[in-house]
Each structure stands twice: as structure tokens, then as C-alpha cells.
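Here's the structure we're looking at; comments come further down.
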Amino acid sequence: MRRCGIVVVLATACVLLLAGPMAQGSSAPAGAAEWAKIEQAAEQQERVVLYLSIAGVEARMKAEFRKAYPKLQLDVIRQPTGELISRLDAERQASASGADVVFHTDRGWFDQVANHLVPATGPALSLYKGTKSAFAENRYFTSMLVPFSLAYNTQVLASLGVGVPTGWQDMLNPKFANGLVGLPERGSAPVTLQCYYAIAQTHGMGFFERLGKLKPRLYPSIGPTVQSVAAGANAVGFVQTAAPADLIKAGAPIKQMVPTNPSCYYGYFVAQVAWSKRPQAAQVLLNWVMSRAGQEAIHGWGYTASPLENIPGGLDVKPDKPLLDGILTPAQQEFGRQFDKMTR
Amino acid sequence: MFSRLRSSHLFIIPLTVIVLWPLVMLASRAFADGGAGFRDMLALPNIGQTVAHTIGLAMGSVIIAVLIGSGLAWCVSNSPQRTRSWIGLLPLLPLIVPAVAGVTGWIFLLEPRTGYLNQLLRQLPWWNHLLQGPLDIYTMPWIIILTGFTLSGFVYLYVRSSMQTLGTELEAAARVHGASPLRTFFTVTLPLMRAAIVYSAGVAFLLGIGQFTAPLLLGRTRGINVLTTEMYYATIAFPVKYGLGAALGAPLIIAGIVVVVLQFLAIGEQSRYVVVTGQSRHAEARGYWFCPLPIAAFFLLAGVLPLSALVLVALSPYWSGTIRWSTLGFENFAKVLSEPNALRALRTSAIAIGVALLIVVPLGFFAAALMTGAFRAGPLVRRLVDFLITLPLGMPAAIFGFAVLYTYAGPPLVLYGTITIIIIAYVTLMIPHAVRPQLTTMMSIGKEYAEASRVHGGGWWRTLGVIQIPLARNGVAVASALVIVMLFHEFAASMMVRAAHTQVMGTLLYEYYTGGLYPDVAVVALLMVVVTAACVFAALLVGGTKALES
């Protein structure tokens, strides 16, 4: 019995030793047998940690991942992208235990740390390899497409005698003065600032000057923005389509529309970090997120879109321009400073 | 030469490393690179406004805290005799509510549009035309008021304690000679309380200038920053802006030193405030009937109201200004308590507090023993120990958190993302609080028993085990309870040293808050209140009502 245990430990150690370098050095999909060994090793690591910056999908991801890998616990740390990347970089520098897989919007960060990301090797790599959704030699991937939207509280609008918003310009309604417009801070995610910039490009800088005069309320991220709209603290809020989903389900008087003047679509990117302390578990999670099963689980609720085609239930997204990538130009950075002055 | 090196000298080394080293490192970082940190600080947008907010918050909250705290102490002292013992505890009970939980509760009460209290106020005839307000929690005045509420409990403790020492004979004499209550207060009570008020105002100023919780939770939505929140933003930048954070902390360190010196100058010779008193207890037996009313109002405002709001939101499916009684339930409690992140935060809190307790209480015991002379030490050593254990009281917790992060996060120790760095911050912050109750107990015991033991051949360890520890067990128990409660409340330093994976309860609450998970925020806040109340109850069982005052 004891000998049997030793054999199992040795076999596991061999798998770990083999799988580690393979994950670091190769971007070819693993064979079925090899992948089975990685899955086995992952289950022995018991848990895997995902750093996530999108609100509203956490519970679904956990539930669906548990169905796929019942022996592997998915822990999710959710923070705004801006704060998440600071923590990630601190962990990277200290080689501290933390994230295994990251899922956020700042493509600039992924490019910057590409050498510290592990090329994917799971079976799902074949779905992305050579497509416009794979970056940095298969080190990170687009995993979600989301449009920014305008959430509104139906009861508050009714009490104010204001109609349903039809575009960004409806945030400027004078009846929304004194904090009835909710905005995420521009530093919460670079893509947020890029969308603000796109709105300013379309409507002119006067848009945010006028919005500033209404004294909008700024929140650390989209999460509290949408919650405040649901509570009735704000009449309208700048959010993304996935954010109000749970609140709508819970019966909150909240709806949303996707403005097209301009439309702001952005991507969430996913990668395995090289400083992960659970490399096989990280490989398994990354592969699951990229796989069709994972994409169906994540996007099947209808509020977000997959980069893969024909995902049942996924949001039907046809971006009319390139996705916002979170890489800020000098003009956008300067606009950010102006935005602070105008809205605070 | 080494024979002169006593254990008391060796004791100073870890104390210096724990307390002084991070501050020295931080100060040196502020001036590194030709003062680049200060240049970055001056380049911050609205830095003038940030400094003005910091000073305004400190001054404003001190005024409110001194007025409320002193008023409450006077009211308790002048309440009818039969109610005085229990009514004296009421102003302390809101201290059970951690600041982070209290502020969250007030958000649910005073959010301009959906706040429960605001909605009630809009029912009044003169405000029923308003669609929001009349009060707005996300403003500087309310940040000051709520901070003042929090600090008034500390002022109350100092002033009440002073009043109990002074007695009430002089007030009684003034009243016998025809002075009105108001005149007695201004001509007799107030001058006698000057020392306590000045001292407590100094402590409140230091706490106010280092305030972090209310400005972070309330100020962020309107861009209202203070120095400590700017320091926090320096820690979440990449790379962490240590130079900027150190420069931002420098004025707070200087303010701490200045206030301590000013306090000393203002109070001067303590003996000037001594009253010859014999039977003060029965001198003011009657009291005024109206005195319990402001105390009850404070208890209601500072404790009951925010807690009620937290309970309502915790039971609601989502935060809403409209309470639907049929939808209330315990689902959020079940959800939070089954969340791995919440359980991990609870575990991290328990480990960090537990280990910090095991380090800081014995450390406090030895410091107290040295200062009372129970263990032999020269006057210089005693003075140095006194200085080192007092220093953390003069510095905002955010400063120590930032200093610990700077000193230990990177090489050579690389403690970022570990519980160890949280423990180091906790130990540093808790040294004064671990020493004080043990010092009081040891002073009441005296050093004669220890000397007798030694005279009769008892060695150092034997004296410690058989005499010192058993006699001081009450102080040890109270110090332990105090440390547990204060660390469970701790927020500012934890925010600086936590990583995404090493959250404690307070930082988890903030995590939920920034994620917009308001019912979960309320659940965590209530959990913190329950745990704190349990610790206070345990302290009361061990040390009686004096433990609560400690």
C-alpha cells in the first residue's frame, strides 16, 4: 500500500516536471494523453485562481467550471482592471502566490508582460491559433467582446418624467443634475477612458463640460455604478452589457441600451501567468475559458459575445470599428487629465 | 563588557526594528533621488486642495469630537446617580462598530436620493418638494462629521476618566453658592478638564489627520482626497510610487511630533490639575434628569442607526432605497459565508490577529515590566522603551502600513502578498495598546513582590512564572481583548499591505464595496460588528467594565 503511494507521488512529480517546461516553451497543442496527464496533475493542485475584472460573470463561470472539473476549485478575485494590474505586477516582481490566470481589458499590460505569460498548449488552442484573437505567439487571447451601454432606472426616469435614453447625449438631460448620472472613474480601466474619448470625439469636448456641470457621481468601477443605478441613487449610468444582468434577474428596476453614437466595443483578454504556483491548474482553466464549452458557459446568457463563431446564446455583436484595446495614446492620456478637471 | 549587556538592552533591539526601522526607511525614501518624492507630490493635481482637506478634516473632526465627547462625559457625570453606571457605557458601545462598517451604514442612510434617513427627512413639509437630499453623505462636511462621531468616543473616554478622578465636590460647592449649571460648567468643570480635553484633542487630531476610512469610502465619488488616500493610490499604482507615498507621509509624521510637543507644552505640569477630593462619589447624587437624553441620542445616531441600515441592506436582495419587506431574507449571509474569498479573509484575519497577539502581548508585558521597574533597567533604557512604545500612537496607521510595505515588500525579504507582512504591520500598530493595560495592572501591583521573590532566591524565570504573570493576568487578558478588537477594526494599514490574495475582513469589505456588491458589504460589516461585540463581551467578563474603558 505504502509502495503504491510512493509510485503515485513519483508519477505525479514526473508529470509536473514534464508539464512545466512544456507549458513554458511550446505553443503546440498537447496530445490527448499528454493533456489527460496535465488535467490529472491539475486536479491534484485542487484549486486555481482567476483574476477577473468584469462584473456579472463570476458566479456563472464558477458554476460551469465546477461542472467541467468538479475536483478543481475555481477561486475568483475580482477588481477593476486598473487595480488588478498593479496587484499583478507586484506579485510578478515578488514571485508571490496569487493569480494563475488573468482576464481583463488592458491589452497594453498583456503586451508589456508577454514574456511572463505562458503560451497556451491545451486542445482549445487550435480554435485560436492563427486567428486575430491570438496574440504574442499564443500567449494571450481575446475571450470576450462587450459593448459599453447606458443603464437606466425605470422608476427614477418615470419620477423625473424623462423618456428612455436613446444615446450618450441623453446623459446630458438637465434633470440629471446633482449626481443622477453615474460614471466609472476613468482610471478604473483604460478602455473606459477610450470610450469617453470616443464620445468626446463624436460630440466635442463640450459634451463632458456639460456633463461635469451636472455633477456626475464617479465610482471606482462599473460594479458600483450599475448597483447605484439599480438602487435609484443614479438615474442613468455608464456601464457594460454584462453588469446589470444579475440585478435585472433579481427584479431591480433597471434596463439598458447600447448607444451607437459612437459604439464602444472592447475585448477581455485571457492568459496564464508564468509566476503561477499552480501551473497545470492554470493550463486547464485557460483551456476551459478558450474552449467552446467554456465560451458557451460564459456567453450563453446573452449579455456578452464570444470571439468564436456560432456560440449558442452569445450576444450578437458586430463591431462597426476596431475594438478598444486599452492602449492609451498621448491624446487620450491628455484627455484623461481634462476629464478629471471637468467631472470633479 | 558583555556582562553589562542585560536582557533589557537586548529587548530594545526587536522593539527598534519593529517600530523605528520602517519609519527610518520611509523617511529616507522621501528624500531619496534628490527629493524626487516631494517633486512628485507637488506635481499632483489639486495637492493644495488635498492638504487643505487633510487639515480641515483633522481640525473639524477634533472640534466635533471634543464637543460631543466632553459633552457626553459631562452628561454622564451629571446623570441621576442610579443610571450613571450603565449610561456611562452607552457612549462606548458605538466603538464596537468598526469605522469601515459605520461609514458604510451611513452611506445607506444618507445617500442623497435613496438613503433611508434622507427619504424620511423628505417626508417633512419643508423638504417634501425635494427629489434628493436634503443631506449628501458624499461631501466634505459629512466626512468631517462622521470622523468626528468616531473620534468622540475616544475623547469621551479621556474626559470621563479625568472627571471621575477630579470628583464633583467643587461643582457641588459652586451650585450650593448659587451658580447655575451653565456657570458651574464654564467656571469650574471646564477649567478642571482642560488637561484631559487638550490631551484628548491632541489624540483626536492625530487620528483625524491620519483618517483614511471616511475619505476613501465617501470622498472617492467626488474626488475629495486627503494625504492618506493619496498614499493609498500610490500603492495601487504600478510601479508602486514609494517616493511619492513617503513624501505624502512626511507632513503627517511631522504633525504627529508637533502635536505631541504642543500637548506637553499646553498641559504642562500635571499637578496643576489635581483636586483634593475625598468623597466625590456621593457629592452629586441627584444629577439632572435631562442628562441621559443627549447620551441616548448619541447612542442612537452613532450606533443604532447605521447598524439598522446595514441590517436592512444585508437582508435585501439588492441595495435599494425602497424597502420591500416581503423580499428580505438571509440569502446574502449564506452567500457570503460560503464564498471562498470571505472564508479566506476570515482565516487571514484570524491568523494575522492570532500571531500578532502572540508576539505583541508578551512584548507589551516585558515593556510594561521594564517601565514599572519589575525588571531591572537603567533610566535611559526605560525612557527609550517608553519612546518606542508611544511612537505608533503618534503616527497614522496608514503611515505605518505604507512604511511596512516599503520596508518588507521587496528584496531582501520579499514579503509582498504574505500574511507575514500583515502581521508585522499589526504588531507595530498594537504595541502601545498591548502595553497600556498591562502597565496599569503592573503599576497597581508594584514591584515589591518581584523583589521579594528575588531576595528569596527566585531566579528571573521563576519570578516571571510564579509572581509576575499570575499577578498581571488581568492586564494580559484585557490587553489581549483590546488588541483583538482593534485589529479586527483595523483598515488603513491593512489596505496598504494586503494583496489580492491576502485580504482581511476590513479590506474584503472594501473589495466588495468597489465591486458594487452592497448587500455583501453589509453582511461583512455586520460580521465584523458581531465578532467585535463578542470580544468586548469576553473582555467585560474577564476585566469588568474597566476593561471596556481600557
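The values are calculated or read from the model by the stated rules, or taken from the named source; none is laboratory data. Note that the coordinates shown come from a computational prediction; the quantities given were computed from them, not determined experimentally. Because the Cβ atoms are built from the backbone with ideal geometry, glycine has one as well, and the counts that use them run over all protein chains shown.
Values for this structure:
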| item | result |
| --- | --- |
| Single condition A:LEU10 does not satisfy, out of (1) more than 28 Å from B:PRO411 (Cβ to Cβ); (2) surrounded by fewer than 23 Cβ atoms within 10 Å (Cβ to Cβ); (3) modelled with pLDDT of 75 or more; (4) not basic (Lys, Arg) | (3) |
| Checking B:MET140 against (1) more than 20 Å from B:ILE63 (Cα to Cα); (2) out of contact with any Ser or Thr (no Cβ under 9 Å at 6 or more places or on another chain), the condition it does not meet | (1) |
| Residue within region B:448-465 that is over 30 Å from B:MET395 (Cα atoms), buried (at least 23 other Cβ atoms within 10 Å of the Cβ) and in contact with a helix residue (DSSP H, G or I) (Cβ under 7 Å, 6 or more places away or on another chain) present | yes |
| Where A:LEU127 falls short, out of the listed (1) more than 8 Å from chain B (Cβ to nearest Cβ); (2) part of a strand (DSSP E or B) | (2) |
| Condition met for A:GLY251 (of a type outside the set (Asp, Glu), within 10 Å of chain B (Cβ to nearest Cβ) and assigned to a loop (DSSP other than H, G, I, E, B)) | yes |
| Answer from A:GLY294, A:GLY313, A:GLY326 - the residue that is in contact with a helix residue (DSSP H, G or I) (Cβ under 8 Å, 6 or more places away or on another chain), buried (at least 18 other Cβ atoms within 10 Å of the Cβ) and assigned to a loop (DSSP other than H, G, I, E, B) | A:GLY326 |
| Subset of region B:470-517 [more than 13 Å from chain A (Cβ to nearest Cβ) and out of contact with any Ser or Thr (no Cβ under 9 Å at 6 or more places or on another chain)] | B:PRO470, B:ALA477, B:SER480, B:VAL483, B:MET486, B:GLU490 |
| Enumerated helices (runs of 4 or more DSSP H) restricted to region A:21-116, each holding at least 2 residues that are within 12 Å of another protein chain (Cβ to nearest Cβ) and crowded, with 24+ Cβ neighbours inside 10 Å | A:81-94 |
| When residues of region A:120-166 are limited to those that are surrounded by 18 or more Cβ atoms within 10 Å (Cβ to Cβ) and polar (S, T, N, Q), the one farthest from the chain's Cα centre (by Cα) | A:ASN153 |
| Residue in region B:488-500 that is over 16 Å from the mean Cα position of the chain (by Cα), part of a helix (DSSP H, G or I) and farther than 23 Å from A:ARG92 by Cβ present | no |
| Lone qualifier among B:THR104, B:THR83 - being modelled with pLDDT under 95, within 14 Å of another protein chain (Cβ to nearest Cβ), in contact with a Pro (Cβ under 9 Å, 6 or more places away or on another chain) and part of a helix (DSSP H, G or I) | B:THR104 |
| Candidates B:ILE399, B:ILE389, B:ILE423, B:ILE431 - the one that is under 17 Å from B:GLY373 (Cβ atoms) and more than 14 Å from chain A (Cβ to nearest Cβ) | B:ILE389 |
| Residue check for B:VAL103: in contact with a Ser or Thr (Cβ under 8 Å, 6 or more places away or on another chain) and under 14 Å from B:VAL313 (Cβ atoms) | yes |
| Residue in region B:42-51 that is touching a residue at least 60 places away in the same chain (Cβ under 8 Å), under 27 Å from B:GLY133 (Cβ atoms) and assigned to a helix (DSSP H, G or I) present | yes |
| Where a residue in region B:522-550 is on the phi < 0 side of the Ramachandran plot and surrounded by fewer than 16 Cβ atoms within 10 Å (Cβ to Cβ) and its partner, wherever it lies, is at pLDDT below 75 and charged (D, E, K, R), with Cβ under 6 Å and at least six apart | none |
| Residues (within 14 Å of chain A (Cβ to nearest Cβ) and either among the acidic types (Asp, Glu) or within 17 Å of the chain's Cα centre (by Cα) (or both)) located in region B:182-241 | B:PRO215, B:LEU216, B:GLU230 |
| Residue in region B:26-33 that is under 24 Å from B:PHE149 (Cβ atoms), buried (at least 23 other Cβ atoms within 10 Å of the Cβ) and more than 20 Å from the chain's Cα centre (by Cα) present | no |
| Positions within region B:296-330 being at the interface with another protein chain (Cβ under 10 Å from one of its Cβ atoms), assigned to a helix (DSSP H, G or I) and either at pLDDT 95 or above or surrounded by fewer than 19 Cβ atoms within 10 Å (Cβ to Cβ) (or both), in sequence order | B:THR327 |
| Residue ID - surrounded by the fewest Cβ atoms within 10 Å (Cβ to Cβ), chosen from residues in region A:329-340 that are touching a residue at least 12 places away in the same chain (Cβ under 8 Å) and within 14 Å of chain B (Cβ to nearest Cβ) | A:GLN338 |
| Boolean, B:VAL504 is at pLDDT 90 or above and not small (Gly, Ala, Ser) | yes |
| Selection status of A:PHE207, at negative phi and within 13 Å of chain B (Cβ to nearest Cβ) | no |
| Search result, residues across region B:340-360 that are free of Cβ contacts under 8 Å to residues at least 24 places away in the same chain, more than 18 Å from B:THR532 (Cα to Cα) and within 13 Å of chain A (Cβ to nearest Cβ) | B:PRO340 |
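Each row is one residue, and each column tells you yes or no for (1) among the polar types (S, T, N, Q); (2) more than 20 Å from B:ALA296 (Cα to Cα); (3) free of Cβ contacts under 8 Å to residues at least 24 places away in the same chain.
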site	(1), (2), (3)
B:ARG122	no, yes, yes
B:TRP126	no, yes, yes
B:LEU130	no, yes, yes
B:ASP136	no, yes, no
B:TRP142	no, yes, no
B:PHE149	no, no, no
B:VAL155	no, no, no
B:ALA172	no, yes, no
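Yes/no matrix, rows are residues, columns are (1) closer than 15 Å to B:LEU15 by Cβ; (2) in a loop (DSSP other than H, G, I, E, B); (3) in contact (Cβ under 8 Å) with a residue 24 or more places away in the chain; (4) of a type outside the set (S, T, N, Q):
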site	(1), (2), (3), (4)
B:LEU380	yes, no, no, yes
B:VAL385	yes, no, yes, yes
B:THR390	yes, no, yes, no
B:LEU413	no, yes, no, yes
B:THR440	no, no, yes, no
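Residue-wise test of (1) within 14 Å of another protein chain (Cβ to nearest Cβ); (2) under 20 Å from A:GLN227 (Cβ atoms); (3) aromatic (Phe, Trp, Tyr); (4) in contact with a helix residue (DSSP H, G or I) (Cβ under 6 Å, 6 or more places away or on another chain).
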position: B:PRO91; (1), (2), (3), (4): no, no, no, yes
position: B:ASP136; (1), (2), (3), (4): yes, yes, no, no
position: B:PHE149; (1), (2), (3), (4): no, no, yes, yes
position: B:SER152; (1), (2), (3), (4): no, no, no, yes
